[in-house]
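Enquirer: Before anything else, here's the structure in question.
A short reminder: the numbers here are calculations on the coordinates, not readings from a lab. Every value quoted in this text rests on a predicted model; they were computed, and no experiment measured them. Because the Cβ atoms are built from the backbone with ideal geometry, glycine has one as well, and the counts that use them run over all protein chains shown.
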Amino acid sequence: MYKTVLIPVSGKNGLVRAKAALTHARRLSCGEIVLLHVFEPLPQIVGGEAHAELLAEQKAKGQTLLNTVMADFDMAGKQVRCRVDEGTTAETIIRVAHEENADLIVMFTDGRDGLQDILLGSVTERVLRNTDTALLVIRR
C-alpha cells in the first residue's frame, strides 16, 4: 500500500483517464491521493495585470477539470487533494511528486503519438527516465 499517490490529469482525454487512474489508486492507496493538473508556462512577453489574469484563468480551468473528476467519483474513506501548477509537464510532475512525498505516480500512455514523441519522447517516458518515485504506467 502507498501512503501518497499522485495522479497527473491532462485536458486531453483527462476525465476518462483520471477516473481509471483513480480506480487503481483507490486500491493501492492507504492514505492520500493528489490530483495534479499542469498547464504550460505563460509567455514571458505577457506581463502585469494581463499576466495575472491569464494565470488566474489557467488555474481556474485546471481546478474545474479536477473538481469534475472528483465530483464524478466516489472517494469514500479516501483523502483527495487537487493541485494546479504551471510548468513543463514532465518536470512539474516530478517536482510535485517530490514536494508531496508521493510513493507512487499513476500515469497513462498511448505509446507513440507522432513525430514529436519520436523525437522528444512522451511525457510518461520523460517522467519514467527522470524520477526516483515508483511509477505505474497504464497502457490505453
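Enquirer: For the pair LEU15 and ASP85, what calculated FRET efficiency results from E = 1/(1 + (r/R0)^6), where r is the Cβ-Cβ distance and R0 = 25 Å, to the nearest 0.05?
Expert: The formula returns an efficiency of 0.85 here.
Enquirer: Can you tell me which of 124-130, 51-57 comes out highest on packing, and rank the rest after it, using the mean Cβ neighbours within 10 Å? Kindly include the intermediate steps, with their values, before the conclusion.
Expert: Working: 124-130: 16.4, 51-57: 12.4.
Packing order, densest peptide first, comes out as 124-130, 51-57.
Enquirer: Let me ask something else. Could you check the simple spin-label distance between LYS59 and MET1, using points 7 Å along Cα→Cβ, in nm with one decimal?
Expert: The modelled label-to-label distance comes out at 3.4 nm.
Enquirer: Within the stretch 1-54, list the trypsin sites (Lys or Arg not before Pro) lying in a DSSP loop whose Cβ has at most 12 other Cβ atoms in a 10 Å radius. Please list the in-between numbers first.
Expert: Details: sites: LYS3, LYS12, ARG17, LYS19, ARG26, ARG27; in loops: LYS12.
Here the sparse-neighbourhood loop sites are LYS12.
Enquirer: Can you check what the net charge comes to around ALA52, using other residues whose Cβ is under 13 Å from the Cβ of ALA52 (Lys, Arg +1; Asp, Glu -1)? Write down the numbers at each step before the final one.
Expert: Details: positive: LYS59; negative: GLU49, GLU53, GLU57, GLU86.
Once all neighbours under 13 Å are counted, the net charge is -3.
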